[in-house]
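Encoded as structure tokens, the structure appears first; notes follow it.
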Amino acid sequence: RLGNDAKPPSHYDDPNSTVANLTMELKKLDIPNDYAPIKVKAGHGDAVCSILLSLLERIGHEWQKPYHSPDDYAEEAQVDDDAALDADAIADDVGHGTEDEDDLYFGGGGITVPEEPNKQVMTTIESHVEPEAWRLEMERVLPQLKLQVVSDAKEWRTHIAQARSHHTAVTERLPASTGALDKIHQELVETVDRINKMERKLNEQCEKDISEYGGKQSDFSTKQEVYNKSTEQINKLQNELSTVTDELQHIKGRMDERGSAMTDTSPIVKIKAALTKIKQEARAMEIRIGVVSHTIVLKRLGSNSMTARSALQPSILAGGGA
């Protein structure tokens with residue numbers, strides 16, 4: 001009915017491929033499917049119900065109101081809760097009734113027992129109890145048979161009873177609620193109309209201001225862009241200034257170190273002390289050199305006198321011998 005010749009999936013197909021094919025067919029039919037594939041793969045839930053509802057709406061399916069057939073259950077007999085229970089009386093009454101019923105169903109009452117076990121004979125059950133006596137006996141015993149019915153909230157009869165009571169309450173309150181809602185709706189419509197009229201009136205009155213506001217808004221946007229660019233430029237210049245300041249501080253530190261080194265006279269004092277010490281050592285060395293020279297001269301003079309004496313002594317010895 002949708003004009004689509006898609007092949008229906010079988011039980012032996014891969015679920016993932018089936019879901020993928022279903023998604024493709026839904027896209028071809030322009031049916032929205034925003035659910036995850038794992039939710040569609042489950043086969044139940046909101047995703048599957050939404051897809052089925054979309055398909056039924058596409059083919060023009062009309063939903064009918066549900067019809068509930070009336071219940072044909074027999075009403076329970078009224079029980080006298082104030083009636084006292086007499087165990088002995090109930091036992092006597094039930095005992096007599098039981099004997100009559102046993103005779104009726106198992107040996108009496110016109111039932112013919114088949115003689116052959118393999119042959120089944122169909123006969124009519126006939127009762128010898130008077131209907132009026134049976135009715136009187138039932139009316140007498142009925143109040144003493146007290147039945148406690150425990151209602152379960154999960155029982156379907158309870159749900160149906162609750163649904164009926166809710167339906168009755170809704171039916172009773174629907175006219176008044178509908179009238180109140182219609183009145184509220186009418187008031188809301190009138191209020192919305194008044195608001196729309198006031199809005200149009202304000203727009204007409206404030207049209208000049210609105211246009212002026214639009215122009216100022218555009219000027220503000222332009223100035224905001226200029227301000228942003230200027231802010232970026234200022235930030236850039238501040239970064240450069242901080243870099244130059246760091247370099248200047250470094251250069252000042254180096255200059256201070258060199259200035260302190262140039263004004264420091266301790267090396268000159270050390271040089272002067274070293275020169276004085278060298279001069280003193282030179283004088284001491286000169287004195288030692290003079291002493292050594294004098295000693296050497298004396299030794300030379302002594303050696304020369306000894307040489308002259310030795311030279312004169314042989315000549316003296318020769319003249320004495322003559």
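Rolling a 1.4 Å probe over the protein heavy atoms leaves V292 with an accessible area of roughly 80 Å².
Here is the list for the stretch 133-223: trypsin sites (Lys or Arg not before Pro) lying in DSSP coil, each with at most 12 other C-beta atoms within 10 angstrom of its C-beta, are K146, K154.
Whole-Hz Karplus values for the stretch 285-291 come out as 5, 5, 5, 5, 4, x, 4 Hz, taken residue by residue from phi with 6.51 cos²θ - 1.76 cosθ + 1.60 and θ = phi - 60°; glycine and proline positions read x.
Straight distance only, please: which lysines reach the Cα of K41 with their own Cα at less than 23 Å, same-chain residues fewer than 8 apart left out? Cross-link targets: K7, K27, K28.
If the segment from R300 to N235 were pulled out straight at 0.36 nm per residue, it would be longer than the present Cα-Cα gap by 13.9 nm.
The values are calculated or read from the model by the stated rules, or taken from the named source; none is laboratory data. Since the structure is predicted, the reported quantities are computational estimates derived from the model, not experimental observations. Note that we place each Cβ from the backbone using ideal geometry, even for glycine, and neighbour counts take in every protein chain shown. Remember, those area values only see protein heavy atoms, side chains included, never the ligands or the DNA or RNA. Shrake-Rupley method; radii C 1.70, N 1.55, O 1.52, S 1.80 Å.
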